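Engineer: Take this structure first; my questions come after.
The values are calculated or read from the model by the stated rules, or taken from the named source; none is laboratory data. If you're wondering where the values come from, they're calculated on a predicted model, not measured in any experiment. Note: ideal-geometry Cβ built from the backbone for every residue, glycine included; neighbour counts use all protein chains shown. Just the protein is used for accessible areas: all its heavy atoms, side chains included, with ligands, DNA and RNA removed. Shrake-Rupley method; radii C 1.70, N 1.55, O 1.52, S 1.80 Å.
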Amino acid sequence: TTKTEALSENIRYHYGNLDLNSLTSAEGLNLPETIRGYLSLNGLTSAEGLNLPETIRGGLALNGLTSAEGLNLPETIRGSLALNGLTSAEGLNLPKTIEGYLNLRGLISAEGLNLPETIGGDLILRSLTSAEGLNLPEAIGGYLNLRSLTSAEGLNLTGIIKKEVDLGHLNSDEKQEIRVNYPHFKIE
């Protein structure tokens, strides 16, 4: 289907990407039930009235959202999820499965954050300054970005992380302690 056809009512399946970054409101938006491609809605600052597809077999970008209020994400995203504008996890219900990366780089607190058990790609939490309340997934298929942590207190890295852990702002003593406690991870 074309972009125009994909946004008409009662479309069940769209093959291809949908770049809808120019939209600033979800009012009157009719999305297909399934999208096999990337859905980009970065112009939305609110999830009010947004009815997302049941299945996204690509990625979903909602980087303009500043609040998760009213956001109902699909149970499964077979690609990546980008919610860079969120600073709080309040009201955020993440999918059970994310097969690509999860980018929450704007979050400044892990309070109320419930991550999926597994993330197939990278997990980007680069604005967190504290690990307090952070419960990491059992498996991360890419790297873990926690570059703004100012303390390792409460950080638990017992899961499987396929690539490196970026702890850029921790002092060298804390990084060394983590290297000793978790020798199987590459700590940056």
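Engineer: Just to confirm my numbers, what's the Cα centroid distance between segment 22-85 and segment 119-151 in Å?
Structural biologist: When both Cα centres are located, 22 Å separates them.
Engineer: Given contacts defined as C-alpha pairs under 8 Å and at least six residues apart, what's the relative contact order of the chain, whole-number percent?
Structural biologist: 11
Engineer: With r defined as the distance between the Cβ atoms of residue 76 and residue 162 and R0 fixed at 30 Å, what FRET efficiency is calculated, to the nearest 0.05?
Structural biologist: So, using R0 = 30 Å, E works out to roughly 0.90.
Engineer: Something else about it: Taking the Cα centre as origin and putting +1 on Lys and Arg beta-carbons and -1 on Asp and Glu beta-carbons, what dipole magnitude results for segment 44-188, to the nearest 20 debye?
Structural biologist: 480
Engineer: Also: Give the carbon-plus-sulfur fraction of the accessible surface of the chain in %, rounded to a whole number; probe 1.4 Å, heavy atoms of protein chains only.
Structural biologist: Its accessible area is 41 percent carbon and sulfur atoms.
Engineer: Additional query: Counting Lys and Arg as +1 and Asp and Glu as -1, what is the net charge of the other residues whose Cβ lies under 10 Å from the Cβ of residue 38?
Structural biologist: +1
Engineer: Hey, could you pull the Cα Rg and Dmax for segment 22-142, both in Å?
Structural biologist: Final numbers for Rg and Dmax: 13.5, 40 Å.
Engineer: As a check on your grasp of the helix formula, calculate [θ] at 222 nm for the chain: sum -39500 (n - 2.57) over DSSP H runs of n ≥ 4, divide by the residue count, round to the nearest 500.
Structural biologist: -2000 deg cm²/dmol
Engineer: Let me ask another. Could you do me a favour and compute the accessible area per residue for segment 1-153, 1.4 Å probe, result in Å²?
Structural biologist: 49
Engineer: Once you have the Cα-Cα distance between residue 66 and residue 51, take 0.36 nm times their residue separation minus that, and quote the gain in nm to one decimal.
Structural biologist: Length gained between residue 66 and residue 51: 3.7 nm.
Engineer: List the lysines whose Cα sits under 18 Å from the Cα of residue 163, skipping any in the same chain fewer than 8 residues away.
Structural biologist: Cross-link targets: 175, 186.
Engineer: Need the full-extension length gain, residue 153 to residue 184, defined as separation in residues times 0.36 nm minus the C-alpha distance. One decimal, nm.
Structural biologist: Going from the current span to full extension adds 9.2 nm.
Engineer: Residue 87 versus residue 27, label points 7 Å from Cα toward the beta carbon: distance in nm?
Structural biologist: Taking the two extended label points, one gets 2.6 nm.
Engineer: A further question on this structure: What angle, in degrees between 0 and 90 and rounded to the nearest 10, separates the Cα long axis of helix 172-181 from the longest principal axis of the Cα atoms of the chain?
Structural biologist: It works out to around 90 degrees.
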